[in-house]
Amino acid sequence: MGRDTLTTQPHERDYVLGTTGLSWNVRRSDGIGGCFSLSEGNRDKSAAVTKALTLGEADRTDVWETIGNGVFRRLGQFRPV
């Protein structure tokens, strides 16, 4: 099993999955600490993850999940090397 890839700042155009505690949100990073909201209020985490991964694969960018205050774990890597 590999180690998680963590970052404090997703690249511009990367997708970010986050939670309010009650629902899941899919956002897009602006690369300078902010995000644009794409989908809010998803009650089912797996549906939100699937949506974020589908968008990331289509746009050839990475997908991250918020795991703490300013810390993100990569869920999917689709950015060309």
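Quick note: the coordinates plus some simple rules give every number you see, no bench work behind them. None of the values given here were measured: they were computed from a predicted structure. With ideal geometry, Cβ positions are generated from the backbone for all residues, glycine too; neighbour counts draw on all protein chains shown.
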- line: Proxy exposure order for PHE72, PHE78, PHE36 (fewest C-beta within 10 Å first) is PHE36, PHE78, PHE72
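For ARG3 and ASN69 in one chain, what is 0.36 nm times their gap in residues minus the Cα-Cα distance, to one decimal in nm?
That works out to 21.8 nm of additional length.
Could you work out how much longer the chain between LYS45 and ARG79 gets when fully extended? Use 0.36 nm per residue separation minus the Cα distance between them, nm to one decimal.
9.9 nm
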- prompt: Mind listing the phi-derived Karplus ³J(HN,Hα) values for region 37-49, rounded to whole Hz, using 6.51, -1.76 and 1.60 with θ = phi - 60°, and x for any glycine or proline?
  reply: 6, 10, 8, 10, x, 6, 7, 9, 4, 4, 5, 5, 4
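How high is the relative contact order of the chain? Use alpha-carbon pairs under 8 Å, at least six apart in sequence, and give a whole percent. Provide the component values of the computation, followed by the final result.
Numbers: 164 pairs, mean separation 25.3, N = 81.
The normalised contact order for the chain reaches 31 percent.
Provide the net charge surrounding ARG74, with neighbours chosen by a C-beta distance below 12 Å and charges set as Lys +1, Arg +1, Asp -1, Glu -1.
-1
What does the charge count near ALA52 come to, summing +1 for each Lys or Arg and -1 for each Asp or Glu among other residues with Cβ under 12 Å from its Cβ?
Working: positive: ARG27, ARG28, LYS45, LYS51, ARG74; negative: ASP14, GLU57, ASP59, ASP62, GLU65.
The answer is 0.
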